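Data first, discussion second: the structure below is written as structure tokens.
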Amino acid sequence: MTARPDAGRPRRVPARVTVLGSGTSHGVPMIGCDCAVCASTDPRDARLRPSIVLDVPGRAQILIDTTPDLRQQALRHGVRRIDAILFTHSHADHILGLDEIRRFNTLQGGPIPCYANGETWDVLKRTFYYAFDGLPRLGGGVPAVEDVEIGGPFAVGGVAIVPVPVLHGTMTVLGFRFGAFAYVTDCSRIPDESWPRLAGVETLVLSALRDEPHPTHFTVAEALEAIARIAPDRAFLTHMNHDLGHEATSRRLPPGVHLSYDGLVLDVAVDVE
Ligand SMILES: [Zn+2]
Ligand SMILES: [Zn+2]
Ligand SMILES: [Zn+2]
């Protein structure tokens with residue numbers, strides 16, 4: 001048998017990313033704040049909690065994180081199907097909307113496969129104990145979740161996914177790479193072993209909280225340093241707080257780097273098996 005030259009090599013196909021939320025855990029505007037960004041009328045300054053959805057036509061619609069704003073985000077962007085959910089980590093701003101998947105369970109007639117590392121599953125199963133304890137409950141209904149622990153690269157609907165571990169203070173958070181696109185949030189340091197996993201990425205979404213240093217998040221300057229090293233064609237910052245007004249911050253970013261905003265749509269390329 002003659003081996004095809006492309007045997008085993010992934011194929012790259014077009015996909016579309018929608019930023020569902022580009023804000024930090026408080027969201028922007030923040031409750032009880034009258035600062036210029038919280039009071040801004042620029043829609044790009046209104047940031048829901050951090051999440052994206054990746055649509056790979058004919059293969060899978062993949063949601064990253066279930067924020068407390070998931071219901072609004074799904075309604076606003078017409079998300080009607082979720083084939084899989086990937087969790088970056090267990091912080092409240094990334095998981096508290098898990099209960100909202102009940103509606104997708106009904107629409108799709110089954111549980112949704114959810115992927116997370118062991119540490120995140122520990123918290124998810126305590127926080128949403130009622131979805132996992134198997135006890136019968138009267139009325140209501142519970143989110144139907146198929147729990148999958150991430151142990152290395154995996155695939156959803158044939159879409160190849162490489163977890164990219166990064167540090168969030170002392171906690172390990174998973175970024176995800178899909179071919180030419182990567183999403184890395186809640187990052188304060190990229191460990192040596194993860195840089196190669198980001199090599200060759202063309203479109204990168206990376207978190208940057210604010211300008212002032214923070215123990216568990218990149219500042220804008222730190223994110224720009226990481227972007228310069230990864231050298232994607234274009235990069236988009238996310239998980240911003242109210243210090244970073246869209247217009248003013250955008251003006252000082254280098255070429256090829258932008259602030260993301262809720263509703264931003266990116267055409268990307270992902271690897272399929
Ligand atoms: Zn504010
Ligand atoms: Zn976090
Ligand atoms: Zn966060």
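Let me test this: with uniform point scatterers at the alpha carbons of the stretch 1-148, what is the Debye-based log₁₀ I(q)/I(0) at q = 0.15, 0.20 1/Å?
-0.84, -1.23
Over the alpha carbons of the stretch 37-95, what is the largest minus smallest coordinate on each principal axis, giving the biggest first in Å?
For the stretch 37-95, the Cα spread along each principal axis is 40, 26, 15 Å.
Return the long-range amide H neighbours of L86 (sequence gap of 5 or more, or a different chain), with a cut-off of under 5 Å between placed amide H atoms.
L63, I64, D65, Y115
In the chain, with Lys and Arg counted as +1 and Asp and Glu as -1 at Cβ, which of these residues, F181, V272, S25, has the Cα nearest the positive end of the dipole, that is, farthest along it?
With unit charges placed on the Cβ atoms, the residue in question is V272.
Heavy-atom accessible area of R234 with all protein chains present, probe 1.4 Å, nearest 10 Å²?
Solvent-accessible area, nearest 10 Å²: 70 Å².
For R12 paired with Q108, estimate the spin-label separation in nm (one decimal), with each label point 7 Å from Cα along the Cα-to-Cβ line.
2.8
Would you work out what percent of the accessible area of the chain, with all protein chains in place, is carbon or sulfur (probe 1.4 Å)?
Details: 6510 of 12590 Å².
Whole-percent figure for carbon plus sulfur exposure: 52.
With all pairs of different alpha carbon atoms counted, what Kirkwood hydrodynamic radius in Å does the stretch 175-273 show?
13.7
Using only alpha carbon pairs under 8 Å that are at least six residues apart, calculate the relative contact order of the chain and give it in whole percent.
22
Given the options G245, A160, G58, identify the residue whose Cα lies farthest towards the positive end of the charge dipole of the chain (+1 on Cβ of Lys, Arg; -1 on Cβ of Asp, Glu).
Of the options given, the answer is G58.
Express the Stokes-Einstein translational diffusion coefficient of the stretch 139-203 in µm² s⁻¹, to the nearest whole number, given a Kirkwood radius over alpha-carbon pairs, 4 °C and a viscosity of 1.567 mPa s.
97
So what J values fall out for the stretch 32-48 if you push phi through Karplus, 6.51 cos²θ - 1.76 cosθ + 1.60 with θ = phi - 60°, rounded to Hz, Gly and Pro as x?
x, 10, 10, 5, 4, 6, 5, 8, 4, 9, 6, x, 6, 8, 9, 10, 7
Using a 1.4 Å probe, how large is the accessible area of S207, given in Å² and rounded to the nearest 10?
So the heavy atoms of S207 present about 0 Å² to solvent.
Enter the mean projected area of the convex hull around the alpha-carbon atoms of the stretch 65-145, in nm², rounded to one decimal. Working shown, then result.
On the way: hull surface 20.9 nm².
For the Cα atoms of the stretch 65-145, the hull's average projected area reads 5.2 nm².
Please compute the Cα-Cα pair-distance distribution of the stretch 64-215 with 10 Å bins starting at 0, giving whole percents from short to long.
Pairs per bin, as whole percents: 10, 38, 36, 14, 2, 0.
For the chain, what is the largest minus smallest coordinate of the Cα atoms on each principal axis, given in angstrom and ordered from greatest to least?
So the three principal-axis extents are 60, 49, 35 Å.
The values are calculated or read from the model by the stated rules, or taken from the named source; none is laboratory data. In this text, all values refer to a predicted model and were calculated from it rather than measured experimentally. Cβ atoms come from the backbone with ideal geometry, glycine included; neighbour counts cover every protein chain shown. Ligands, DNA and RNA are excluded from the accessible area calculation, which covers all protein heavy atoms including side chains. Shrake-Rupley method; radii C 1.70, N 1.55, O 1.52, S 1.80 Å.
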